[in-house]
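Q: This is the structure, below, for whatever I ask next.
The values are calculated or read from the model by the stated rules, or taken from the named source; none is laboratory data. The shown structure was predicted, so the numbers you read here are calculated from the model rather than taken from an experiment. No Cβ is skipped: glycine too gets one built from the backbone with ideal geometry, and neighbour counts run over all protein chains shown. Side chains are part of the model used for accessible areas, which takes the heavy atoms of the whole protein and leaves out ligands, DNA and RNA. Shrake-Rupley method; radii C 1.70, N 1.55, O 1.52, S 1.80 Å.
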Amino acid sequence: SQQGEEDPQALSIQEGENATMNCSYKTSINNLQWYRQNSGRGLVHLILIRSNEREKHSGRLRVTLDTSKKSSSLLITASRAADTASYFCATAYRRRGGSNYKLTFGKGTLLTVNP
Amino acid sequence: GAVVSQHPSRVICKSGTSVKIECRSLDFQATTMFWYRQFPKQSLMLMATSNEGSKATYEQGVEKDKFLINHASLTLSTLTVTSAHPEDSSFYICSASPADEQYFGPGTRLTVT
């Protein structure tokens, strides 16, 4: 079953406002990551939060993780037009016998920040 | 640091031909590289995990004979789409992983006519 279901699917806000995106998942994880993707481009890693962490900050980004509810949120404060992109959460778990994590991506939230 | 390149960025090929896509980690060594495909306005779907010097591990439903993966060195993995068909048209993205995080390439847009 698919991990990482984001909501909302699309979000449109004005510059300066905060944007909150949520992600829910179904099975246990090692960590959860948020990525950004501009249209037709590759992914940019934003932030990683481990399963034993509850909150993490990076610049204007704030990520929370609630493992009891199997959910995470990404908050972008004081949004800018340049923040317009798709945002994906990805849950990571280590496969049995594996040396790296497997990422499973959600469907993403399309954020539009209007100037 | 942690730059991953892909080549080509765009490719158009005729149905029935094969296309090779390269993924390189430019400033780090990656024992593991991943290949994803992404349909328009959809999420990334993992196709296979590539480990240097060994056979790739394919996800369920991905044809290993159609999507050939070679990971000959710690900085290069290739994906070859064999006998391409229009339904193979997609955005293919690789990532390279030196540890916990994955660093993504810019993607390759494949169009099969």
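Q: Could you give the nm distance between label points at A:Thr77 and B:Ala72, where each point is 7 Å from its Cα heading toward the beta carbon?
A: According to this spin-label approximation, the distance is 5.1 nm.
Q: Enter the mean number of other protein chain beta carbons within 10 Å of the beta carbon of each residue in B:101-111, as an integer.
A: The mean count of partner-chain Cβ atoms within 10 Å per residue comes to 4.
Q: If you take the accessible area of A alone plus B alone and subtract the pair, what total do you get in square angstrom, rounded to 100, with a 1.4 Å probe?
A: Rounded to the nearest hundred, the buried surface is 1600 Å².
Q: Moving on. Once the dipole of chain A is set up with Lys and Arg at +1 and Asp and Glu at -1 on Cβ about the Cα centre, which of A:Leu46, A:Asn30, A:Asn18 lies farthest towards its positive end?
A: A:Asn30
Q: Also, I was wondering about something else. For B:Lys64, what accessible area in Å² do you get when you roll a 1.4 Å probe over the heavy atoms of the protein chains, rounding to the nearest 10?
A: Counting only protein heavy atoms, B:Lys64 exposes about 130 Å² to solvent.
Q: Over the stretch B:17-113, give the accessible area per residue in Å² for a 1.4 Å probe, as an integer.
A: Normalised by residue count, the accessible surface of the stretch B:17-113 is 45 Å².
Q: Here is a further query. Solvent-accessible area of A:Ser39, probe 1.4 Å, all protein chains present, reported in Å² to the nearest ten, please.
A: A:Ser39 has an accessible surface of roughly 120 Å² with all protein chains in place.
Q: Determine how many Å³ per residue the convex hull of the Cα atoms of the protein assembly as shown encloses.
A: It is 122 Å³ per residue.
Q: Using only C-alpha positions, report the orientation-averaged shadow area of the convex hull of the stretch A:10-115, nm², one decimal.
A: The directionally averaged projection comes out at 6.9 nm².
Q: Taking beta carbons within 10 Å but only from partner chains, what does the mean come to for residues B:36-49?
A: 4
Q: How about the protein assembly as shown: what cysteines have no other cysteine beta carbon under 4.7 Å from their own?
A: Cysteines of the protein assembly as shown left without a disulfide-compatible partner: B:Cys13.
Q: Roughly how large, in nm² to one decimal, is the mean projection of the convex hull of the alpha-carbon atoms in chain B?
A: Mean shadow area of the hull around the Cα atoms is 6.6 nm².
Q: Each residue of the stretch A:46-58 in order: what ³J(HN,Hα) in whole Hz does its phi give by Karplus 6.51 cos²θ - 1.76 cosθ + 1.60, θ = phi - 60°, with x for Gly and Pro?
A: Working through the residues one at a time gives 9, 6, 10, 10, 7, 5, 9, 9, 10, 8, 8, 10, 8 Hz.
Q: Cross-link candidates for B:Lys41: which lysines have Cα within less than 23 Å, leaving aside residues fewer than 8 places away along the same chain?
A: Partners within reach: A:Lys26, A:Lys102, A:Lys107.
Q: Let me ask another. List residues of the stretch B:1-37, by number, whose backbone nitrogen lies under 19 Å from a label position 7 Å along Cα→C-beta of B:Thr111.
A: Counting backbone N atoms under 19 Å from the label point, the list is B:7-21.
Q: Separate question: Under the 0.36 nm per residue contour assumption, what length would be gained going from the current alpha-carbon distance of A:Glu55 and A:Gln9 to full extension?
A: Here the answer is 14.3 nm.
Q: Starting from the Kirkwood radius over alpha-carbon pairs of the stretch A:1-61, derive D by Stokes-Einstein at 4 °C in a medium of 1.567 mPa s and give it in µm² s⁻¹.
A: Result for D is 95 µm²/s.
Q: Ranked highest first by the average count of other Cβ atoms within 10 Å around their residues, in what order do A:8-19, B:67-78 fall?
A: Sorting A:8-19, B:67-78 by mean packing, highest first, produces B:67-78, A:8-19.
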